[in-house]
Amino acid sequence: MRGMTHRWKIPNETPGEAWKPATGVEPLVARLLWHRGFRDDAALLAFRDVRMTGLHDPSLLHDCDRAAERLLNAARAGEPIVIYGDYDVDGVSATAILFHLLKTVAPACDVRTYVPHRLDEGYGLHVEAIQQLAADGARVVVSVDCGVTAFAPAQAARDAGIDLIITDHHTMAPAPSEPQAQAPGSSLPDAYALVHPRDPRNPRGPYPFGDLCGAGVAFKLAWRIATLAEGNARLSESTRTVLLDAMALAALGTVADIVPLVGENRIIARHGLRRIRSTNLVGLKALIEASDLAGENVTAEKVGFILGPRLNACGRMGHAKDAIEMLTVAGPTRAMEIARGLSQLNDERRRTERKIFDQACEAAEQAGMTRDDRRAIVLAADEWHAGVVGIVCSRLVERFQRPTILMQRHDGQCHGSGRSIDGFNLHDGLAACAGMLTKFGGHEMAAGLAMESSRLDEFADAFTLHANERIGVDQLTPSLRVDCEARLEEITQGAAEQIEEMGPFGRGNPTANVVLRNVEIARSPESMGARGDHLRFFIRDGTREMRIVAFGWGERGRELRGGMRVDVVIEPKINRWNGTSRVEAELRDLRAV
């Protein structure tokens, strides 16, 4: 079924009259979860009962014990330790997690941080950086959110007498051509320890949850260091408090890195986001205050649209070392200074993003990359900011519904990022064109890459051919997943509250969308927002009415009028304001009956 903007994907099967939901679950919520695969009382209740006891033992991660022992011993012995992070939210959060935990178990330890400059050095571990860290006295280097493909840097660490501990979650690469840069018989770097949730070498079998982000892996390592330090799985209150703050940081990385919000990720995000309001971390408090979120519940949506972009802006427009300073060693005054600077950088990033987006849209359409016979966008320009193209990719994916790669062209090289659509593995697409690239890395939904400018056209054609073979024409029209049909009378306060408890929402655990059939627009919509970009209106079914907020629908307001009968896809929500709450909904799409 087609609405005004999407293809509606509505499940055909129904639970049937014989199926009875678990006690205490609203019928609409039980039906919604049934369509998501939770089809008995045990499954329903387990999904709704998101406890920290559901986290897996960190020791199940391959090399986690070995890494934790080395770091704890180094911290206690005063050996210089360097945490080598990435410059995005995930890497910055992961760096702060290990920093605070090591300072907790060994307050006098010599722990430093290092993050490469996005434009001058690029992503990941670098041989030159490892050599410089060794010259500066480092004895142990622990990477976070990077390193699983760092074969040459791992060898450089060994040559320099550094024990390199790699923690990462990105896709593992095929073995490189230099056998001396890898462990015998392995396609992984020859590091002192390598902690990765998908490490195939684990003698205990696969780790139970392979979709942790970089901050999630760092949180698991921090947890294991803590239990080793105290010699007991039951931690002291002070250490437990530090780990709760670490979970808040891990939640930032988990949401911002768009990993599936299921399993352990959902537990980390749920409890970590709740912890943010009461965090002891000076830098995180400053970031929240500078973002005008003090006293509010920090949801996954607010991380994605408010906090995350500010942390990312530092790495995109400046140097992520400032964000790391804010979250690690900065006092209240300095932390607030950095946090306010991040907001200013984010404003600059948004202006730059809008300019690149407009140029990229025009270039893609002129090049025919938005036609049905070209199911990928690959573009480069000299003036595009390499730190911003990744986020512009996401906006082009939303606009044109096809994998998108944007790059900055400079000094004979193209550097940039890509984003994908559900159902197309971006990392596999780059791997299929690896011979044309000087480097690449990432996962199925997001990746970074570099190539010689002379190979751009060749790569664009090859990548597009690969995408054409794997993406159907119907996938080029955005689809809207609908969980189930509903009646307006079912969207009660209790049902909306239980739907809210299904979160945090994101990839793997999308927002709850229901379709209401043949309802009436009670009266003509009113515009919202300073520029009238949004709408609000009421729908009616019999005597019952509900307020609908339609973000981004301002231009369509004249197409809707009071008395129209429509099918609507909505997300039920609770609007809380000034001590009161009411049920309303956000419009996802609409179709005239």
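Selection of strands (runs of 3 or more DSSP E) fully inside segment 447-546 by the criterion of at least 2 residues being closer than 24 Å to SER420 by Cα returns 479-481.
For segment 280-294, a residue qualifies if it is buried (at least 20 other Cβ atoms within 10 Å of the Cβ) and either closer than 24 Å to SER238 by Cα or out of contact with any Lys or Arg (no Cβ under 9 Å at 6 or more places or on another chain) (or both), and the qualifying residues are LEU281, GLY283, LEU284, ALA286, LEU287, ILE288.
For segment 313-336, which residues satisfy the criterion of being touching a Cys at 6+ places or on another chain (Cβ under 7 Å) and part of a helix (DSSP H, G or I)? Hits for segment 313-336 are ASP322, ALA323.
Filtering segment 341-357 for residues that are open to solvent by 20 Å² or more (accessible area, probe 1.4 Å), farther than 24 Å from LEU293 by Cβ and not hydroxyl-bearing (Ser, Thr, Tyr) leaves a non-empty set.
Out of ARG374, ARG402, report the one residue that is farther than 30 Å from PHE151 by Cβ, in a loop (DSSP other than H, G, I, E, B), open to solvent by less than 20 Å² (accessible area, probe 1.4 Å) and touching a residue at least 12 places away in the same chain (Cβ under 8 Å). Lay out the reasoning, then the answer.
Details: ARG374 fails: open to solvent by less than 20 Å² (accessible area, probe 1.4 Å).
Being farther than 30 Å from PHE151 by Cβ, in a loop (DSSP other than H, G, I, E, B), open to solvent by less than 20 Å² (accessible area, probe 1.4 Å) and touching a residue at least 12 places away in the same chain (Cβ under 8 Å) holds for just one of ARG374, ARG402, which is ARG402.
Please determine, by comparing only the residues of segment 514-550 that are over 17 Å from ALA486 (Cα atoms) and basic (Lys, Arg), which one is most open to solvent (accessible area, probe 1.4 Å). The selected residue is ARG531.
Taking the conditions exactly as written (over 29 Å from MET445 (Cα atoms) and more than 23 Å from the chain's Cα centre (by Cα)), does LEU228 satisfy them or not?
Numbers: over 29 Å from MET445 (Cα atoms): yes; more than 23 Å from the chain's Cα centre (by Cα): yes.
Against the criterion (over 29 Å from MET445 (Cα atoms) and more than 23 Å from the chain's Cα centre (by Cα)), LEU228 qualifies.
Once segment 568-593 is narrowed to residues that are open to solvent by 10 Å² or more (accessible area, probe 1.4 Å) and small (Gly, Ala, Ser), the residue that is modelled with the lowest pLDDT is GLY579. Of all residues in segment 218-248, exactly one satisfies the criterion of being open to solvent by less than 20 Å² (accessible area, probe 1.4 Å) and touching an Asp or Glu at 6+ places or on another chain (Cβ under 7 Å), namely THR239. Looking only at segment 249-277, residues that are without any contact (Cβ under 8 Å) to a residue 40 or more places away in the chain, assigned to a helix (DSSP H, G or I) and open to solvent by 20 Å² or more (accessible area, probe 1.4 Å) come to 2 in all. Among the listed residues ARG349, ARG310, identify the single one that is modelled with pLDDT under 95, over 30 Å from PRO197 (Cα atoms) and assigned to a helix (DSSP H, G or I). Step by step, each of ARG349, ARG310 is checked, and only ARG349 is modelled with pLDDT under 95, over 30 Å from PRO197 (Cα atoms) and assigned to a helix (DSSP H, G or I).
The values are calculated or read from the model by the stated rules, or taken from the named source; none is laboratory data. Here the structure is a predicted model, which is why all the values come from computation and not from measurement. Methodologically, a virtual Cβ is constructed for each residue, glycine included, from the backbone with ideal geometry; neighbour enumeration extends over all protein chains shown. Accessible surface areas use protein heavy atoms only, side chains included; no ligands, DNA or RNA. Shrake-Rupley method; radii C 1.70, N 1.55, O 1.52, S 1.80 Å.
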